[in-house]
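Worksheet: one structure, shown below.
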Amino acid sequence: MSQRFTGYAVRLQHQENHVTMARKRLAMELGMGTDLQGQDYTKAAVRALKDALWHNSLTIAPALGYPREAMEVDVEIGVAQPNKVDKAVVAAVLPYGRAQVSVVLGGLDIPNEDGTKVTVIANAAAVVYLDIQEAN
């Protein structure tokens, strides 16, 4: 995983008091997706992200008093040919929150019997963060 998945703290000025907000990691979801015939890396990436997301219903943000839209979601996709993934299409899968998508070398390409096509396998990690006010 890349270093962007580490937390950081930010100081905000609120009237005369200092309020410390910290970016807190709340959930990590993992998925796998394929394109069996079309050799479409974006389609496999989208399927991997949907696999990660569609098995859950995150209620953390509302439970803590934050809107779902406040969630920051770092999405990392691993495929054998990262340059063939459309990041905007992958980001559009998220039902809410702000997406940051990166695509790295990973996943698998499985050649067919005569070597004319590959089955594309993509892996996805979606890490959910919120900026949460820290207790003083």
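Here are some residues: V93, V103. Which one is assigned to a loop (DSSP other than H, G, I, E, B), crowded, with 17+ Cβ neighbours inside 10 Å, modelled with pLDDT of 95 or more and under 13 Å from the mean Cα position of the chain (by Cα)? V93 is the lone residue from the list that is assigned to a loop (DSSP other than H, G, I, E, B), crowded, with 17+ Cβ neighbours inside 10 Å, modelled with pLDDT of 95 or more and under 13 Å from the mean Cα position of the chain (by Cα). When the residues of the stretch 106-121 are narrowed to those that are among the hydrophobic types (A, V, I, L, M, F, W, C) and out of contact with any Gly (no Cβ under 8 Å at 6 or more places or on another chain), which ends up surrounded by the fewest Cβ atoms within 10 Å (Cβ to Cβ)? Applying the filter and picking the extreme gives I110. Residue check: is Q37 at pLDDT below 95 and surrounded by fewer than 16 Cβ atoms within 10 Å (Cβ to Cβ)? It is true that Q37 is at pLDDT below 95 and surrounded by fewer than 16 Cβ atoms within 10 Å (Cβ to Cβ).
Considering only residues that are closer than 15 Å to K50 by Cβ and in a loop (DSSP other than H, G, I, E, B), which ones fall in the stretch 64-85? Residue satisfying the conditions is V85 alone.
Residues in the stretch 70-94 that are without any contact (Cβ under 8 Å) to a residue 24 or more places away in the chain and farther than 13 Å from K43 by Cα: N83 alone.
Annotation: K50 fulfils all but one of (1) assigned to a strand (DSSP E or B); (2) surrounded by fewer than 20 Cβ atoms within 10 Å (Cβ to Cβ); (3) within 12 Å of the chain's Cα centre (by Cα); the unmet one is (1). Look at A61 and say whether it is in a helix (DSSP H, G or I), within 18 Å of L26 (Cβ to Cβ), in contact with a strand residue (DSSP E or B) (Cβ under 7 Å, 6 or more places away or on another chain) and among the small types (G, A, S). Here the answer is yes, as A61 does meet what is asked. The set of residues from the stretch 61-77 being surrounded by fewer than 19 Cβ atoms within 10 Å (Cβ to Cβ) and out of contact with any helix residue (DSSP H, G or I) (no Cβ under 7 Å at 6 or more places or on another chain) comprises A63, L64, G65, Y66, E69, E72.
The values are calculated or read from the model by the stated rules, or taken from the named source; none is laboratory data. Remember, predicted model here, so these are calculated numbers, not experimental data. Neighbour counts are summed over all protein chains in view; Cβ atoms, including those assigned to glycine, are modelled from backbone coordinates with ideal geometry.
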